[in-house]
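Can you read through this structure? Questions will come right after.
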Amino acid sequence: MGEVIVVTSGKGGVGKTTTTANLGAGLALMGRRVALVDADIGLRNLDVVLGLENRIVYDITDVTGGHCRLRQALIKDKRFEGLFLLPAAQTKDKTAVSPEQMKALCAELKEEFDFVIIDCPAGIEQGFKNAIAGAEKAIVVTTPEVAAVRDADRVIGLLEAAELRDPKLIINRIRPRMVRAGDMMSIEDIVDILAVDLLGVIPEDEMVVISTNRGEPIVQDEHSRSGQAYRNIARRILGEQVPLMNLDEGGFLARLWRRMIRG
Amino acid sequence: MLDFINRVLGRESGGSKEIAKERLRLVLVHDRASVSPQLLQALKTDLIQVISKYMDIDEKAMEVTLDSNERQVALVASIPVKSMKRATRTPAVSI
Ligand SMILES: Nc1ncnc2c1ncn2[C@@H]1O[C@H](COP(=O)(O)OP(=O)(O)O)[C@@H](O)[C@H]1O
Ligand SMILES: [Mg+2]
C-alpha cells in the first residue's frame, strides 16, 4: 500500500511542478514505483517538464469520466523504471474532476504504487481542494519571498483544517550569496515563521531551466547542486537521515570547474 | 570589504531581508487573525471569565475586535461595566 503525497504552495511559479517531477524521478531511480498525477487541470505542465508531452493519449478526466481505464491513461516513463504519469486535461476546467473522484483515483493508484505524488495547481479554490482530497501527506513548496511565504502560511492553515497534519516544507530557489549579504531571508528565518518541519532546500540553479528545456529531470544530473538537493529530499522521503547540503557555491573557479565537468 | 565593493558598484548595502521579515510578520498577524472568528469568540469567553472576578460586566454589549493599520494590529475590547465588586472580594488581597 503506497503513500499519497500532494505538492502544493498557494502561490504559482515557486517550483511545485519541478519538484513533483524530480521527486518522482528521484524515487524511481531509487527503485520505487511512482505515479505522478497532474492535478493542474486546464494548465497541463508536468508532461512537458518530464518530456512526455508527445505520448499522451488519455488524461485524468478520461479516467474519471469512464472513457478509459486508469492503466490506459498512465504513461510509462521509459527512462525511469517504475515512473508513470497521469496527465491533466488541457481543454477542461477545474470542475471537470470532483474531490470524490480524486479520492477514488488515489485509492486505486496507491494499491499499485509505492508513491503517488500529486502536482497541485496554484490557488486555494476548487483545483486545490481536488488535489488534496485524496492525499495523506503534504509537501509545501515556497521561495524566500514575502508573497510566497505568506501564501505558504495560508496553505498550511488550510491543509491542517483539512486534516492533512504536519506538512513538510521545501524551500526552493535559495541564493546563498544573497542570504549572506542580508538580502534574502534565510532557511532559519522561513522555518521559524512557518513553524513546520523542513524537508529540504533547493538552490537557485540555472541547470533547472536547462534541464526543463530538455524535458530531463535535473535529479539525474550527478554534478548539479539542485539535482543533489532533490536526491537528498528523495532519500529523506524514504526515511533516511540526510543532512542539509552545504549551499555555499564556492568561488568563481569552483563554479567554472563544475561547469566544465558537466560538459 | 564586501560592503565597500557593493557601495562602489552602487548596489544596495544589504539588509533588505530584515524589511522582508518585518513585512511578512505584519502581514501574517493580519492573515492569521482574520482566519478564525472562533478564536475571537474563545478569547471573549475567557475574558468574561477573568474580568467577572473583579466587576460585573454587560456581556451582551461587550465588543472584542482586532483593529489593524499598516504598522500594527491591536486587540480592542469595549466592555461596559455594570457594577464593581467590593475590594475585599478581590482575590489578590489577603487580610
Ligand atoms: N531551483 C530553481 N532554480 C532555477 N529555476 C527554477 C528552480 N525551480 C524552479 N525554477 C523555474 O521556475 C519556473 C516555475 O517552476 P514550476 O515548477 O513550474 O512552478 P509551479 O509549478 O509552482 O508553478 C520554471 O520555469 C522552473 O524552471
Ligand atoms: Mg505547476
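FYI, it's all coordinate maths here, none of it is from the lab. Here the structure is a predicted model, which means the values were calculated and not measured. A quick note on method: Cβ atoms are made from the backbone with ideal geometry, for glycine too, and the neighbour counts reach across all protein chains shown.
By average Cβ neighbour count within 10 Å, what is the ranking of A:34-45, A:221-232, A:72-83, A:156-167 from highest down?
Numbers: A:34-45: 24.1, A:221-232: 20.3, A:72-83: 17.3, A:156-167: 15.2.
The most tightly packed comes first, giving A:34-45, A:221-232, A:72-83, A:156-167.
Given a Förster radius of 51 Å and the C-beta distance between A:LYS76 and A:GLU188 as r, what FRET efficiency does 1/(1 + (r/R0)^6) yield to the nearest 0.05?
That pair, A:LYS76 with A:GLU188, gives E of 0.80.
Moving on to the next point. To test your reading of the geometry: what angle, between 0 and 90 degrees and rounded to tens, separates the Cα axis of helix A:225-237 from the longest principal axis of chain A?
Orientation of helix A:225-237: about 60 degrees from the principal axis.
Quick one: helix A:16-29 against the long Cα principal axis of chain A, what's the angle to the nearest 10°, folded into 0 to 90?
Helix A:16-29 sits at roughly 90 degrees to that axis.
Tell me the label-point distance for the pair B:ILE79, B:GLU22, using the 7 Å Cα-to-Cβ offset, in nm and rounded to one decimal.
3.3 nm
Give the average, rounded to an integer, of partner chain Cβ atoms located within 10 angstrom of each Cβ in B:24-32.
The per-residue average across the peptide is 4.
Calculate how steeply helix A:99-112 sits against the longest principal axis of the alpha-carbon atoms of chain A, using the helix alpha-carbon long axis, and give the answer as 0 to 90 degrees to the nearest 10.
Between the helix axis and the principal axis of chain A, the angle is about 80 degrees.
Another one. If you build a Gaussian network model of chain A, linking Cα atoms that sit under 10 Å apart, which residue out of A:ALA234, A:ALA133, A:ALA147 swings the most?
A:ALA147
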